[in-house]
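Read the structure below first, then the notes.
Bear in mind that the values in this text are calculations on the coordinates, not laboratory data. All values reported here derive from a predicted model rather than from experimental measurement. Positions of Cβ are backbone-derived with ideal geometry, glycine not excepted, and every protein chain shown enters the neighbour counts.
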Amino acid sequence: MVCGPIERDADDRNAMANPAVLVEVLSDGTEAYDRGEKFEHYR
C-alpha cells in the first residue's frame with residue numbers, strides 16, 4: 001500500500017520505494033529464516 005504518488009526504486013522499476021505497509025505471508029518451511037535473517041534485511 002502506498003499513500004500518495006508511487007516512487008519507483010532506481011534499480012528495479014517493478015519495486016516501490018515508498019510503501020506505507022509491507023505484508024508477507026510466512027510458510028512453515030521458511031518461517032525461521034523469514035522471522036530472523038530476512039527480517040533483518042527489511043529493517
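A quick yes/no check of all residues on (1) in contact with a strand residue (DSSP E or B) (Cβ under 8 Å, 6 or more places away or on another chain); (2) surrounded by 10 or more Cβ atoms within 10 Å (Cβ to Cβ):
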residue: 5; (1), (2): no, no
residue: 10; (1), (2): no, no
residue: 16; (1), (2): yes, yes
residue: 26; (1), (2): no, yes
residue: 30; (1), (2): no, yes
residue: 37; (1), (2): no, no
residue: 41; (1), (2): no, no
**Asked** What are the residue pairs meeting all of these: first residue in the stretch 23-39, first residue within 22 Å of residue 1 (Cα to Cα), second residue charged (D, E, K, R), Cβ atoms under 6 Å, and 6 or more apart or on different chains?
**Response** 26/34
